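Novice: One structure, as structure tokens, below. Some questions next.
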Amino acid sequence: MFCPKCGQSQVSDEVRFCSRCGFALGGVAPLLSSNGMSPVGASPFVAQGTSPRRKGIRQGGKWMLGGTFLIAFLLVFVELTGFPEEFPLIGLLVFLAGFLRMIYALLFEDKTPTAAAHGFPTGQPFAPQQFDPRAQAGALPPAEFRPAPSFFAPRTDTAEIQQQPTSVTDHTTRLLEDQNERSDR
């Protein structure tokens with residue numbers, strides 16, 4: 001198998017990422033084995049996911065359940081603390097809001113699954129997001145450019161700190177002259 005992005009030959013068909021460019025190869029093998037068509041069992045033109053209607057019904061059910069528990073909690077709270085008896089009506093309002101949310105979902109929301117969550121528009125052939133020519137993101141993060149001088153601290157010019165002797169013998173000659181003067185004294 002070859003990487004569809006850079007053309008690098010892969011060691012085996014089980015490799016998950018390209019060894020040269022890092023491209024995700026997880027969906028390439030099934031596409032190659034089925035001549036570019038979607039794998040068996042996945043419909044190429046139907047988006048599979050949760051419909052807005054189903055999401056709305058679930059959300060309404062959660063609100064109704066929460067309202068039921070809130071009513072029971074607030075009834076016990078009113079009995080223990082002596083708050084006004086209208087206080088548990090807050091739980092009833094949450095329960096009714098959940099019921100109305102369910103009714104709204106059943107009457108007005110679409111029952112077909114949304115395709116935006118899967119990376120392909122409805123009515124288009126199935127292809128993983130990595131094969132979409134409009135997709136800009138790669139399998140690896142973008143390369144980071146860092147100029148070479150920033151890796152090391154600049155060197156300090158030490159020529160000004162200490163005057164170097166002109167030659168090796170010059171320094172040795174001075175030492176010998178100093179020793180001769182000391183011995184003469």
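The values are calculated or read from the model by the stated rules, or taken from the named source; none is laboratory data. No experiment lies behind these values; they were computed from the predicted model shown. Here the Cβ is made from the backbone with ideal geometry for all residues, glycine too, and neighbour counts use every protein chain on show. Surface accessibility is based on the protein's heavy atoms, side chains included, excluding ligands, DNA and RNA. Shrake-Rupley method; radii C 1.70, N 1.55, O 1.52, S 1.80 Å.
Novice: Can you list the residues, at least 5 places off or on another chain, whose amide H is less than 5 Å from the amide H of residue 17, using H built in the peptide plane?
Specialist: Distant-sequence amide H within range of residue 17: 25.
Novice: To the nearest 10 square angstrom, what accessible area does residue 68 show with a 1.4 Å probe?
Specialist: Looks like 70 Å² after rounding.
Novice: Further question: If I stretch the segment between residue 103 and residue 83 completely, what's the gain in nm (0.36 nm per residue apart, minus their alpha carbon distance), one decimal?
Specialist: 3.9 nm
Novice: Can you check what the net charge comes to around residue 63, using other residues whose Cβ is under 14 Å from the Cβ of residue 63 (Lys, Arg +1; Asp, Glu -1)?
Specialist: Cβ neighbours under 14 Å give a net charge of +4.
Novice: Once you have the Cα-Cα distance between residue 21 and residue 156, take 0.36 nm times their residue separation minus that, and quote the gain in nm to one decimal.
Specialist: 44.6 nm
Novice: At residue 183 and residue 32, where each label point lies 7 Å from the Cα along Cα→Cβ, what is the point-to-point distance in nanometres?
Specialist: For residue 183 paired with residue 32, the spin-label model returns 8.6 nm.
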